[in-house]
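What follows is a set of notes on a single structure, which appears directly below.
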Amino acid sequence: MSSKTSILVVVVGCALGAGAKSVEAADLFWTVTDTPANSIEGADLDGTNQVTLYTDTQLEPRDIALDAAAGKLYFNNARSSGTANKIMRMNLDGTVVEDLVLLGAAVPNFLELDLIRGKMFWMQSSDIHRANLDGSADEVVFTISSNLTKGFAIDALANKMYWMFADAGDTRIRNANLDGTNDADVLTMTGDVSAFGGFTVSGGKIYWSHIFAPNFEIRRVNVDGSGLTVLWSSPDLAVIFRTFVDEANGFIYWTNSDSGVVPSIRRADLDGTGVVDLVTAAVGLAFVDVAVPVSGAGIPTVSQWGLATLALCLATAGTIAFRLRQAAIA
């Protein structure tokens, strides 16, 4: 009886452990530039139940990056005239706000997390910086040969970083290993300096926004520079500051903002169809960045680890039960 009771406790204990600390991708996050306070906002994935998570009257929360499994949101908090610019993080519910990297007058741009190696990346002027997730060990891993960088993103699984910049009347995309070695050209758009931003990498694809008069576009290309495609085009005259790709669920999100245009956060299928407005705001606000807490490809979530643990526990319990029955028969 005691052996059977022990087996039952093992199974129940494993099941409880598998359900603990699960993190669900159930929210939408974005940053807003406004007066008198700038903010980080959150909502359900359909844009409902909006809540303000963080406000700042001195600096501007800009780029955001999420560690869904740890329940953390990282963000650049800076202003071009600021003297106390910094990189920060907080819980996904806006609690436990921390300063990670104090930058003084230096302005951080773009923010990417490498959750495989426990690193974060950002840019200062033409320098690509890397540090630990707690902000320690800040180092420059690469310097771009242009101050006109329009986008930066990493592909942690492929150990690659990508950047887009203007160069002598052209727009170029290059890449390198995450340690800055083996830099190479990916794509050159000759005579075209209309690429604006919204630069991101996901699923072997590079996405960015493009001003192609009279339309604004979202373009996509393979990471080897092939297969250039226009996914979405509109004459809205709304500047697309940032894009975010949720590859697992097949969506791309972007922010629409410009003078005289109703700012919005939009979502579409990865082929550019099915465009919907999730969040809109009063004219004059600027939606800067957007993200949803999806799990990184190839990195098991806490709940996935829990299910794997539960399966192992059940298999172990079944083996023990079988051996006890065989012993009883013998």
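Take T31 and decide whether it is part of a strand (DSSP E or B), of a type in the set (S, T, Y), out of contact with any Leu (no Cβ under 8 Å at 6 or more places or on another chain) and buried (at least 22 other Cβ atoms within 10 Å of the Cβ). Give the steps one after another, and end with the answer.
Working: part of a strand (DSSP E or B): yes; of a type in the set (S, T, Y): yes; out of contact with any Leu (no Cβ under 8 Å at 6 or more places or on another chain): yes; buried (at least 22 other Cβ atoms within 10 Å of the Cβ): yes.
In short, yes.
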Residue within region 57-65 that is modelled with pLDDT of 95 or more and either farther than 21 Å from T255 by Cα or of a type in the set (D, E) (or both) present: no
Failed criterion for R266 (all others in (1) surrounded by 15 or more Cβ atoms within 10 Å (Cβ to Cβ); (2) touching a residue at least 24 places away in the same chain (Cβ under 8 Å); (3) closer than 27 Å to P36 by Cα hold): (2)
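Let's see how each residue does on (1) in a loop (DSSP other than H, G, I, E, B); (2) farther than 21 Å from P108 by Cβ; (3) not aliphatic (A, V, I, L, M):
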residue: S39; (1), (2), (3): no, no, yes
residue: D46; (1), (2), (3): yes, yes, yes
residue: T55; (1), (2), (3): no, no, yes
residue: P61; (1), (2), (3): no, no, yes
residue: L73; (1), (2), (3): no, no, no
residue: M88; (1), (2), (3): no, no, no
Residues being touching a residue at least 12 places away in the same chain (Cβ under 8 Å), closer than 19 Å to S194 by Cα and more than 19 Å from the chain's Cα centre (by Cα) - total across region 223-258: 14
Test result for I211, at pLDDT 90 or above and within 18 Å of S264 (Cβ to Cβ): no
Search result, residues across region 245-296 that are assigned to a loop (DSSP other than H, G, I, E, B) and modelled with pLDDT under 80: S259, G260, A282, G284, V294, S295, G296
Members of region 125-143 found to be under 21 Å from W208 (Cα atoms) and at pLDDT 95 or above, listed by number: D127, I128
Restricting region 148-187 to residues that are of a type in the set (V, I, T) and modelled with pLDDT under 95, the residue that is surrounded by the fewest Cβ atoms within 10 Å (Cβ to Cβ): T149
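The values are calculated or read from the model by the stated rules, or taken from the named source; none is laboratory data. Model, not experiment: these values are computed from the prediction. Cβ sites come from the backbone with ideal geometry, for glycine too, and all protein chains shown count toward neighbours.
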